[in-house]
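Since the structure comes first, as structure tokens, the remarks are kept for the end.
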């Protein structure tokens with residue numbers, strides 16, 4: 001009987017860790033935000049539109065009173081679409097989903113270095129975060145920049161070839 005107890009300790013411990021891991025992953029927010037396109041790319045100077053759906057399973061009424069952004073880089077966020085399109089309150093009984101709405105726009109400022117930038121959009125009820133979604137922006141270089149780089153590399157290769165000494169040939173008489 002002791003050996004059976006020892007055999008069950010490991011599987012029961014593993015099951016307890018799996019249950020605890022799933023409980024830790026539970027969404028702590030009253031709202032769930034799903035973006036239609038959470039990864040977008042654009043050139044400097046362009047504006048990216050983020051649309052999505054806000055849902056709730058909360059029985060109590062959740063206020064969608066404000067929002068905030070966390071985004072590093074030369075970007076201009078605009079939350080006007082959220083403030084104009086989102087409902088003021090939501091609950092599972094009266095309004096469980098917002099439908100597909102415009103949430104926010106991000107304008108990529110000229111001079112922003114190429115790369116991938118991560119951001120977070122939060123919906124607030126007062127000072128409390130009630131919904132959060134991550135998004136990514138891929139800033140691509142302008143075509144003129146790529147053309148300039150290619151031209152410079154070609155000129156550099158031509159200069160190196162021009163400065164290389166010419167091979168001499170020996171003639172035997």
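The values are calculated or read from the model by the stated rules, or taken from the named source; none is laboratory data. If you're wondering where the values come from, they're calculated on a predicted model, not measured in any experiment. Positions of Cβ are generated from backbone atoms using ideal geometry, with glycine treated the same way; all protein chains shown enter the neighbour counts.
Before moving on, here are some points about what is shown:
- Filter result for residue 72 (closer than 17 Å to residue 111 by Cβ and loosely packed, with under 15 Cβ neighbours inside 10 Å): yes
- Residue pairs whose Cβ atoms lie under 9 Å apart, sitting 6 or more positions apart in sequence or on different chains, and linking a residue in the stretch 147-173 that is surrounded by 10 or more Cβ atoms within 10 Å (Cβ to Cβ) to a partner that is modelled with pLDDT under 80, are 149/141.
- Take the conditions (1) closer than 30 Å to residue 61 by Cβ; (2) free of Cβ contacts under 8 Å to residues at least 24 places away in the same chain; (3) out of contact with any strand residue (DSSP E or B) (no Cβ under 9 Å at 6 or more places or on another chain); residue 94 misses just one of them, which is (2).
- The number of residues in the stretch 48-57 that are within 13 Å of residue 95 (Cβ to Cβ) and either touching a strand residue (DSSP E or B) at 6+ places or on another chain (Cβ under 6 Å) or free of Cβ contacts under 8 Å to residues at least 12 places away in the same chain (or both) comes to 4.
- Residue among 83, 43 that alone is out of contact with any helix residue (DSSP H, G or I) (no Cβ under 6 Å at 6 or more places or on another chain) and in contact (Cβ under 8 Å) with a residue 24 or more places away in the chain: 43
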